[in-house]
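For reference, the structure discussed in these notes is given below.
The values are calculated or read from the model by the stated rules, or taken from the named source; none is laboratory data. Because the structure is a prediction, the values reported are computed rather than measured. For neighbour counting, all protein chains shown are included, and Cβ atoms are generated from backbone atoms with ideal geometry for every residue, glycine included. Side chains included, ligands, DNA and RNA excluded: accessible areas come from the protein's heavy atoms. Shrake-Rupley method; radii C 1.70, N 1.55, O 1.52, S 1.80 Å.
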Amino acid sequence: MLDLLQSLRRRRTPATAAALAAELGVSERTIYRDIATLCSHGASIDGAAGIGYVLRPGFVLPPLMFSDDEIEALVLGLRWVSQRGDDALRAAAADAHAKIAAVLPAPLREKTRDAYLLVGGESRPAVAAPVAPPQASVALSVLRAAIRGERRLAIEYLDMRGKVSERTIWPFALAFFEHARIVAAWCETRQDYRHFRTDRIVRAHSGDDRYPRPRRSLLAEWRKRESIPEQL
């Protein structure tokens with residue numbers, strides 16, 4: 001029902017039960033049933049079978065729920081605004097974060113406080129034309145899942161000279177720069193902290209093996225050694 005509600009929120013025109021069922025991977029009968037249930041909880045949904053349904057604005061179904069990816073997107077966006085916006089926008093980002101956290105269940109609220117998605121500084125002068133970050137061979141979702149789960153990550157990494165090396169790393173942060181994405185990790189091969197550009201990670205495999213230290217401990221030590229400010 002939450003997925004159905006979100007699908008209706010995204011639409012500006014009526015959606016038929018068939019279209020909603022195809023999008024959500026359920027039967028039309030399920031759509032009819034769930035729309036009736038949402039209406040019984042106060043959702044104002046206009047429409048009828050064979051015509052389509054549209055959700056009137058203003059309905060919120062508590063408690064507010066987000067997926068891990070949605071939380072990470074919100075936190076990263078708010079962190080970007082808190083660093084790059086003017087005084088009013090920075091204050092608004094802090095207020096928005098507090099409002100979102102206030103209505104989340106405790107486990108999800110804690111995830112909004114995780115700081116492993118970082119906003120990097122500008123890597124080129126402000127007058128430079130925008131350039132998209134290089135395309136990564138490995139999906140960032142794989143890297144984020146390893147960070148979130150505190151999992152060892154076996155990677156093949158292409159250095160600046162074109163040489164590929166195999167590494168086992170403990171990834172604990174992912175920084176989003178304007179022209180690059182950087183994984184901060186403890187490297188078992190080098191026995192030290194290292195930074196890896198995501199577009200140079202040729203392959204990555206994460207198993208069920210957790211690395212031995214808490215992610216937050218690694219992040220705090222890395223910040224101290226690299227003189228990384230807390231607001232990054």
Problem set entry | Count - residues of the stretch 153-175 that are in contact with a helix residue (DSSP H, G or I) (Cβ under 8 Å, 6 or more places away or on another chain) and open to solvent by 50 Å² or more (accessible area, probe 1.4 Å) | 1
Exercise. What number goes with the only condition from (1) touching a residue at least 60 places away in the same chain (Cβ under 8 Å); (2) surrounded by fewer than 16 Cβ atoms within 10 Å (Cβ to Cβ) that residue 105 does not pass?
Worked result: (1)
Exercise. Does residue 77 satisfy being within 25 Å of the chain's Cα centre (by Cα), at pLDDT 85 or above and open to solvent by 60 Å² or more (accessible area, probe 1.4 Å)?
Worked result: no
Exercise. Scanning for something open to solvent by 60 Å² or more (accessible area, probe 1.4 Å) and part of a helix (DSSP H, G or I), does the stretch 9-17 turn up at least one residue?
Worked result: yes
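Determine whether residue 129 is open to solvent by less than 40 Å² (accessible area, probe 1.4 Å), modelled with pLDDT under 75 and outside any helix (DSSP H, G or I). Please lay out each step first, then the result.
Working: open to solvent by less than 40 Å² (accessible area, probe 1.4 Å): no; modelled with pLDDT under 75: yes; outside any helix (DSSP H, G or I): yes.
Taking the combined requirement at face value, the residue does not satisfy it.
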Exercise. Does the stretch 176-210 hold any residues that are free of Cβ contacts under 8 Å to residues at least 24 places away in the same chain, in contact with a strand residue (DSSP E or B) (Cβ under 9 Å, 6 or more places away or on another chain) and open to solvent by 80 Å² or more (accessible area, probe 1.4 Å), and which are they?
Worked result: 190, 195
Exercise. Within the stretch 193-206, is even one residue among the aromatic types (Phe, Trp, Tyr) and touching a helix residue (DSSP H, G or I) at 6+ places or on another chain (Cβ under 6 Å)?
Worked result: yes
Exercise. Is it the case that residue 211 is of a type in the set (Ser, Thr, Tyr) and more than 28 Å from residue 67 (Cα to Cα)?
Worked result: no
Exercise. Out of curiosity, is residue 33 outside any loop (DSSP other than H, G, I, E, B) and loosely packed, with under 12 Cβ neighbours inside 10 Å?
Worked result: no
Exercise. If you take the residues of the stretch 144-162 that are acidic (Asp, Glu) and not in a strand (DSSP E or B), which of them is modelled with the lowest pLDDT?
Worked result: 159
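What do you reckon, is residue 101 hydrophobic (A, V, I, L, M, F, W, C), at pLDDT 75 or above and touching a Lys or Arg at 6+ places or on another chain (Cβ under 7 Å)?
yes
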